[in-house]
Structure formats: C-alpha cells, structure tokens
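Here the structure is laid out as structure tokens; the discussion comes afterwards.
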Amino acid sequence: TKAMSEATTIRDGEKTENLAAIADATAGADAVKQAIVILKEFYASQVTEDAALIQTKQVPEMAEYKGMQSSKGGVVGMLEVIETDFLRLKAETEASEKAAAAEY
C-alpha cells in the first residue's frame, strides 16, 4: 500500500542517518582517545626531559610550568569530556535505531 511504502522510505532514511551518526561518533571517540594517549605520553616525557634541563641558581625562583595537564581540566580533561560525549551519542543513537526498527 501507499502508506506502507511511505513508511518504508521514511524508515530507510532514518536508518541511513542513524548508521552515519553511529559511524561518526565511533570515529570521533577513537580519534579523541588517540589524542589523549599522545598528550599523556607527551606530558610524561616533558617531566623527565625538563628535569635534565633545569638550571640551578642562575634563574630567579619561578613555579615550574607543566603545561595544561590537570586531570580536572586543561586539554586532557577537555578531550576526556569530548570522548564521553561521543560515546554517549553513539549509545543513544544505537538505542534510538533499535527502538525505531522495533516500532517499524
């Protein structure tokens, strides 16, 4: 029937959009995860490299700068939030897709 044909067309469009959103969220989460690993390795290497380059008694007292690596903020913290957002989007879209498929 015409109504069933229209419903199938709409459902196929929804499915295509949902699968694309799931793929994008998965790719985004993977990319952010890799960025977090790279930054953590970079910050860890900076601590050991900086220790070898420290000059003693030639510079005034200054707090050592360790970059934006706070676990509660900074770049790594922001990326962890973004990764969580991607994973949540993926889970919500998968649940929505499953519900729409069951309803169809």
- prompt: Stretch ALA101-ILE82 to full length: gain in nm at 0.36 nm per residue minus the Cα-Cα span?
  reply: 4.0 nm
task: Please compute the net charge surrounding ILE36, taking Lys and Arg as +1 and Asp and Glu as -1 over other residues with Cβ under 12 Å from its Cβ.
output: -2
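Please compute the net charge surrounding GLU14, taking Lys and Arg as +1 and Asp and Glu as -1 over other residues with Cβ under 15 Å from its Cβ. Could you put the intermediate results ahead of the total?
Working: positive: ARG11, LYS15, LYS98; negative: GLU6, ASP12, GLU17, GLU92, GLU94, GLU97, GLU103.
Summing Lys/Arg as +1 and Asp/Glu as -1 gives -4.
Read the figures in this text as sums done on the coordinates, not as results from a lab. Computed from a predicted structure; not experimentally measured. FYI the Cβ positions are ideal-geometry reconstructions off the backbone, even for glycines, and counts take in every protein chain you see.
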